[in-house]
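In what follows, a single structure is set out as structure tokens and then discussed.
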Amino acid sequence: MPLASTYNKTMSIVVVGSVAYDGVETPHGRVERMLGGSCTYIALAASYFTKVRIVAVVGDDFAQEDVDLLASRNIDLEGLERTAGKTFFWQGVYSQDMNDRDTLRTDLNVFEHFDPKLPASYKSEPYLLLGNIQPALQRSVRGQMAKPRITGGDTMNLWIEHFRGELLQTLQGWDFLLINDGEARMLSGEKNLRRAARAIQAMGPRTVVIKRGEYGAILFHGDDYFIVPGYLLETVFDPTGAGDCFAGGFTGYLAQQGIDLADGTIDRRELSRAVIFGSVMGSFCCERFGVDRFRTLTREEIDARFQEFKTFTDF
Ligand code: AMP
């Protein structure tokens, strides 16, 4: 099948998650406050593949230039609620090799009472990507959608440790889960990643992508698997949002191709390509601080890096 490298105008992805301000320190520098959030990164990455409609909340401090950036990528902001108070704030610091990070501060602010309400125009969209927020909120959004072709998302250690019951209930309705290796082990109780993936598949999602940071990712689908290395960036400036951009690229590609995971007839190579596009988007994200790379990134650059992946994995 030829690679459809064109934006698909007829499909839409609904994305829920955080729209935030982040303070980030890496060995390459420090930014006190910049646009971030799981929904923001996912939406920016997916917007290169298809229309994106976001559901999130911000405070009255949310800057017009940040609204403008999202709008400039044709992201539908009808579901972006603005309430009195401050926007969610997260602060983190990375280790020297940037494989670990410590959260220094999480101020929920307006996020604390967030009760996502989907605009009527979102409810019958075919693709739903549930960014990393409390599992009960993810479930509430899924419940408001008519009948998405594909539902999937992300989670994190906080929810696995402290909201396990809610998370397990939420995962039952998902077609795919994107999760990093440490969290996959935590969620499944299995050290071995193959066993971990199988255990997670038994929780609901038939497709599980285990992300391994700079080392790449493994896709598990039914009994099949596909392994992809990480893109060898010369300099990683800021890994914040890379996982979310992976999710945006992965789901964006599935939506661009109009794929339906639920009918069980998915061409495995299409899923593999989705993992490559996820890796491509994650790698671009790390090239600048915060969302800066998305101010200039083009679809041509994305497709060129996809081809590079083909070249360096061919033997
Ligand atoms: P990632 O590097 O892909 O894990 O995503 C980082 C983004 O997640 C940052 O921009 C943060 O604003 C956001 N974030 C961090 N903690 C949370 C949380 N507890 N809930 C929602 N979003 C969060």
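The values are calculated or read from the model by the stated rules, or taken from the named source; none is laboratory data. Note that the coordinates shown come from a computational prediction; the quantities given were computed from them, not determined experimentally. Glycine also receives a Cβ, built like all others from the backbone with ideal geometry; neighbour counts cover every protein chain displayed. Surface areas here come from the heavy atoms of the whole protein model, side chains and all, with no ligands, DNA or RNA. Shrake-Rupley method; radii C 1.70, N 1.55, O 1.52, S 1.80 Å.
Bridges between two residues of the range 1-92, per DSSP, are antiparallel at a rate of about 30%. Among beta bridges identified by DSSP and lying wholly in the range 8-312, the antiparallel ones come to about 40 percent. For the chain, the 222 nm mean residue ellipticity estimated from helices alone, with every DSSP H stretch of n ≥ 4 adding -39500 (n - 2.57) and the total spread over all residues, rounds to -10000 deg cm²/dmol. The GluC sites (Glu not before Pro) of the range 46-115 include none that DSSP puts in a loop with a beta carbon having at most 13 other beta carbons within 10 Å.
Computed in the context of the full set of protein chains, the accessible area of the chain at 1.4 Å probe radius has 48% of its extent on carbon or sulfur. The local environment of residue 136, defined by Cβ-Cβ distances under 12 Å, has a net charge of 0 under the rule Lys, Arg +1 and Asp, Glu -1. Distances between placed amide hydrogens fall under 5 Å for residue 289 paired with no residue 5 or more residues away or on another chain.
Magnitude of the charge dipole for the range 8-312, about its Cα centre and with charges confined to Cβ atoms of Lys, Arg (+1) and Asp, Glu (-1), is about 860 debye.
Could you work out the relative contact order of the chain? I mean the mean sequence separation of Cα pairs under 8 Å and 6+ apart, divided by the number of residues, in percent. Rounded, it is 18 percent for the chain. With 25 Å as the limit, the listed pairs 147/211; 117/147; 9/147; 191/310; 147/191; 86/147 have 147/211; 191/310; 147/191; 86/147 beyond it between alpha carbons. Remark: the range 243-315 carries a charge dipole of roughly 140 debye about the Cα centre, counting +1 on each Lys and Arg Cβ and -1 on each Asp and Glu Cβ. Descending by average beta-carbon neighbour count within 10 Å, the peptides 39-49, 11-21, 228-238, 97-107 line up as 39-49, 11-21, 228-238, 97-107, the highest first.
Computed over every Cα-Cα pair of the chain and binned at 20 Å starting from 0, the pair-distance distribution P(r) comes out as 36, 61, 3 percent.
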